[in-house]
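The values are calculated or read from the model by the stated rules, or taken from the named source; none is laboratory data. Everything quoted here is computed from the prediction, not taken from an experiment. All Cβ positions, even for glycine, are placed from backbone atoms using ideal geometry, and neighbour counts span all protein chains on display. Quick note on the areas: whole protein, heavy atoms, side chains included, nothing else; ligands and nucleic acids left out. Shrake-Rupley method; radii C 1.70, N 1.55, O 1.52, S 1.80 Å.
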Amino acid sequence: MLNLATLTPIQIDALREIGSIGAGHAATALSKMVRRRVGMSVPGASVIPLSAVNDLVGGPETQVWAIYLQMLGDLDGHIVFVVPQAEAATMVDRLMGRPFGTSASVDAIGESALAEVGNILTANYLIAMGELAHLKLQPSPPMTANDMVSAILDGIVAQLSEASDTILSLETKLLIEGDGAFRGYLLMFLSPDTLPKLLAAIGLWQPPGGSRTA
Amino acid sequence: MVGMGQWAVSDDPAATLAIAGLGSCVGIVLYEPRRKIAAMAHVLLPDSRAAEEVPQPAKFADTAVPLLRDVLTERGARPAMLVAKVAGGARMFRSAGPGLAPGARNVDAVMAALAGAKIPVLASDVGGTAGRTIRFHLGTWALEVASGDPRAARVIL
């Protein structure tokens, strides 16, 4: 059994690279949808205690929109696209081609537009990751929530925490600057049980006693 | 602030025990009304029996209740005099099926664990579709619940 606490710097770097490629594909997809350049932060890859989930995306009570997909297929994990509440309406205006400030809040049509974007971004992330690691990954149907960020993430994290008090978190910030600026966060959480499969697929882990083929 | 899977205890009448942004998780407060002592746990999952080891007993409903009871009795509280207040266990994703609605299972498990320990639940605010921030004031024994839905009123339990 691979322990999250014993991941080597090389393994962490490789995971960050996977996050970078996944998020890069997601950023390209977003850029096509809004016809603007999309900036991307250097992805963070870290093994964090459950209690630190509260610190993701600006503090536990930050009001956000979130689009959530479960990873199906060869890996067990979760991807969430998070947009701060204050910027979600701007994002909807941009997606619908309306002047900025048209939407004071996210209405039902805006919600489906956000869900669709979240779906496309996270699916692109998964496809890129699957191609890189030669793994079969499919997204579950997307689910949408609008609430405090910790309240949205706690049930997702709980699904990964039965056997572990730490989780692997890969996070990337996407941002559009200038007129109608907004930020979105792509968060990916992987189950500790599934990590050996991902690392083995990219030749950075071998089961004890197994032969190295990478 | 009590983070996911963590717990806290206090005997300071000026203190507040709090959890920010509870979704499907459940916050449990145990206290003895005649003594100024209370403990809070931030529960993520209903059942520890599937886990190989339990280094963080506050994470599971079935281990969090005995943990809080022991923490309080070690500090002089009388087990038969303990009472509880409970909040949380929301369904955060509207389209989620039962497999992805862990809130209700957490609430059921917490209530069962409290009943098993013969600890009465004086008040609760559970379920629904909005997150909660909870604050327990040791001076008044009030559990203040603020909803993640800005239109919802603040509740005092």
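Overview of results
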quantity: For the range A:154-172, residues shielded by at least 20 square angstrom of accessible area compared with the chain on its own, probe 1.4 Å; calculated: A:Asp154, A:Gly155, A:Ala158, A:Gln159, A:Ser161, A:Glu162, A:Asp165
quantity: Mean Cα-pair separation over length for chain A, i.e. relative contact order, pairs under 8 Å, 6 or more apart, %; calculated: 32 percent
quantity: 10 Å Cβ shell holding at most 14 others, DSSP loop, trypsin sites (Lys or Arg not before Pro): longest site-free stretch of chain A; calculated: A:38-135
quantity: Contact order relative to length of the range B:92-157, as percent, for alpha carbon pairs under 8 angstrom and 6 or more apart; calculated: 23 percent
quantity: Accessible area of the range A:7-201 divided out per residue, in Å², using a probe of 1.4 angstrom; calculated: 37 Å²
quantity: Neighbourhood net charge (14 Å Cβ-Cβ; Lys/Arg +1, Asp/Glu -1) for B:Asp149; calculated: +2
quantity: FRET efficiency, A:Asp74 to B:Ala112 (Cβ-Cβ, R0 45 Å, nearest 0.05); calculated: 0.80
quantity: Over the range B:7-156, relative contact order from alpha-carbon pairs under 8 Å, at least 6 apart, %; calculated: 29 percent
quantity: Lysine pairs with alpha-carbon atoms under 23 Å apart, the protein assembly as shown, spacing 8 or more or separate chains; calculated: 7
quantity: Three principal axis lengths of the range A:110-154 [C-alpha, angstrom, descending]; calculated: 36, 24, 13
quantity: FRET efficiency estimate (nearest 0.05) - Cβ-Cβ, B:Ala152 to B:Ala80, R0 25 angstrom; calculated: 0.10
quantity: Where trypsin sites (Lys or Arg not before Pro) in DSSP loops with at most 11 other Cβ within 10 Å are excluded, longest remaining stretch of chain B; calculated: B:50-93
quantity: Net charge, A:Ser41 excluded, C-beta distance under 10 Å - Lys, Arg +1, Asp, Glu -1; calculated: +1
quantity: Descending Cα extents along the principal axes, chain B, whole Å; calculated: 46, 40, 23
quantity: Cα gyration tensor shape for the range A:1-99, rounded if a/c is under 1.5, else prolate or oblate; calculated: prolate
quantity: Å² per residue, accessible surface of chain B at 1.4 Å; calculated: 42 Å²
quantity: Calculated diffusion of the protein assembly as shown, Stokes-Einstein form, Kirkwood radius summed over Cα pairs, 25 °C and 0.890 mPa s, µm²/s; calculated: 114 µm²/s
quantity: A/B buried area, accessible surface, summed, 1.4 Å probe, Å²; calculated: 2400 Å²
quantity: Shielded by partner chains, the range B:121-157 residues - at least 50 Å² of accessible area, 1.4 Å probe, vs chain alone; calculated: B:Gly148
quantity: Axial C-alpha extent at least 24 Å, average Kyte-Doolittle at least -1.0 - helices from chain A (DSSP); calculated: A:9-34, A:108-133
quantity: Point-charge dipole on Cβ atoms (K/R +1, D/E -1) for the range A:5-109, about Cα centre, debye to 20; calculated: 580 debye
quantity: Accessible-area composition of the protein assembly as shown, carbon plus sulfur, in percent [1.4 Å probe]; calculated: 54 percent
quantity: Value of [θ]222 nm, deg cm²/dmol, for chain A, DSSP H segments ≥ 4, -39500 (n - 2.57) each, nearest 500; calculated: -12500 deg cm²/dmol
